Amino acid sequence: MKVILAGDEGELHHSAYPAFAAAGLDVEAVAGTPEALTAFAAAFPDAVVVADAALFGTPAEARSALAALPNLKVVILPQGWEAHRDGFATLPGLLAGFFAPVSWPEVVAEVRARAVALMPAAQGTGTGAAAGPAAPPPPPPPPNPTAPGAGGPRPAPAPAAPTPARAGEPARSGRPVRVGFWGSRGGVGTSTAALTAARMLAGRGRPVLLCDATRRGDLHLMLGVEPTETPVRVGGVVVRMGLPEDDTPNSADIVIDGGRARRNFNAEWVEVSRPLSEERIRRILGLPPEERGGDGDSGPRPTPTARRRTGPRLGFVRVEWTE
Amino acid sequence: MILVVGAKGGVGTTTVAAALVRALRGVGLDAADGQLAARLERPALLLSEAAMERRTQDLVDRITRRHLSLVWSPECAFLSDLALRLLRALDERVDVVVDGGIEPPPELNGLCRQVVIVSDSENPVARYHEQRLAQKYPGAHIIHGAGKEQLESLLTAIAR
C-alpha cells in the first residue's frame, strides 16, 4: 500500500515516516504544504492520503481542501479543533480520524487494520465502498440442459482480490518489539504504560527487557522490588536501570520507560499524554485484540487509579466514521 | 528561596508552587517543565538570559515591579555564578518560589532556605521517593496532595 503523508515535514520525517516504513508501508511522498499535497495526491491517485489538518490555516480551509482529495483516508485534527470534528467526519472517503498529538505507530496500526476498506476505495469504487451497501451481483444465468457445459458466454472471472487485510495479525509477529514510552509531563501514566506493555509481551512467552531510562527506580517500585542497578527478573520480565546494553539478546522484546524524554535508543517512541488503555497499548505493540497479555505473574497491572482514568477518553480519539 | 519538589509526577508540585507564589506575592522560578510559568500567566524571562544583564538591581526592580516569572534552562548550569547572583539579589527583595519538578537542578540546593516535598501518601512510588527526598532535604515540609487544607497548613508552617 502506498501512502502520502501531509503535515509538518519535520515531525513526519522524524516520527511518522519511520513508523510507516517499519510497518512495511510504502511512503510515496511527504507533503509539507497544501500545494504539495494537492500535487502529490494527483500524481499518485492510488496512494492513501494521511493528512494533518494543521497544514491549513483554518478548519474551514482545511475541510474544503481535504474534501477535494479523492484519496484522503485518514485525517489528524490539531488541538482546539474538537468542535469541528463532525465537519471532518463527513469528509468523503474518510475512514479514520485522530486528535493530535498522535502516536504514529497507532495511526499505522489503524491504517493497516483498515486495509481492506482502503484498497477497494483506491480502485475508484467510491468512498467507503467496503463498509457501505454494495450493489447485489447479477443472478447467474439459468442452466441450459440442452447445452451441458456450454452455458453461453461466461462472465469474465472477477479480478483477483487484493492482498487480504492483515487486521488481527500481529504487526510485528516474529520480530522483537522495541518500544519506548515518554510523557512530556508527570503523572500521565508513562511508567504504567511501559509496565503494561511489558506484561503483554511477556504473555507471548518471549524474553522481555523492561528498562527504566529515568534511573529513578519507579518501575522496580511498581513491581514491588527495591530499586537496584542489578537487573531483576519479575515474572517474565527482566527489569533494569538505564538503557539496554550490548548483552541484551537479539530475540528479546524491549520496553523502555523514558520518563520525560525520548532517550537515545532506536525504538518506536510513543508519547503518553493521558493514561493509555490496555487496548491501545496492545495496538501499539501490534498484538491482536484477542491476545491477552499473560497472567498475573508476567508483570504488574495498572493501579486501580490508572484503570479508572482509562476508557474512551484517550490521548487521541478515533473519529469513528460511518456512512 | 523556597524549593518545591515532587516525589513523583502528577502529585501537584506545580500547583503548590503556584499557590505559594500567589500567597507570598513572590516570584516563580520554573525549574521543571514550564508549567509554572504558564500557570502564573505572567511574562517570563529565561534565567540564562536575565543573568547576562549587567545592571542586576535594575533587573531585580523590573522583575519585582512587573511580577515576571523566571525559567531555568539547561544553560544555567554553565552560568551558575551569574544566575545564582541574580537569584540571591532577587531573594533579598521578594520570596522566590522554585518549582523543581521531580529532579531540581543541584545548583539550587544551597540557595533554598526552605524545601517543600509534595507527595501522595497512597502511592508507594511516591512514598519511596518522599523518604529519599526527606533524607536529602532534612527539615523539609512534606505535604500530601495540593488541596486547600494542605496549602493552608503549609503556608502556616512556612510563615513560622
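Here, each number is a calculation from the coordinates, and none is a lab measurement. What you see is a predicted model; the values in this text were computed from it and never measured. FYI the Cβ positions are ideal-geometry reconstructions off the backbone, even for glycines, and counts take in every protein chain you see.
Odds and ends about this structure:
- Excluding same-chain neighbours fewer than eight residues apart, the lysines reachable from A:LYS73 by a Cα-Cα span under 22 Å are A:LYS2.
- A full extension of the chain between A:SER184 and A:GLU226 corresponds to an added length of 12.5 nm, given 0.36 nm per residue minus the alpha carbon distance.
- Counting 0.36 nm for each residue step from A:PHE44 to A:ALA21 and taking away their Cα separation leaves a gain of 6.5 nm.
- Cα Rg, Dmax (largest Cα-Cα span) when computed across the stretch A:1-103, Å: 12.4, 34
- Inter-site label distance for A:SER64 and B:HIS67 at 7 Å from Cα along Cβ, in nm: 4.3
- D (Stokes-Einstein, µm²/s), Kirkwood Cα radius, the stretch B:11-87, 1.567 mPa s at 4 °C: 102
- Cross-link partners of B:LYS8 among lysines (Cα-Cα below 26 Å; sequence separation of 8 or more within a chain): B:LYS136, B:LYS148
- Crossing angle, helix B:124-136 versus chain B [Cα axis fit, 0-90 degrees, rounded to tens]: 50
- Sorting the segments A:80-87, A:244-251 by their mean number of nearby beta carbons within 10 angstrom, highest to lowest, gives A:80-87, A:244-251.
- Each 10 Å bin from zero up to the one holding the largest Cα-Cα distance in the stretch B:2-155 carries the following percent of pairs: 12, 44, 33, 10, 1.
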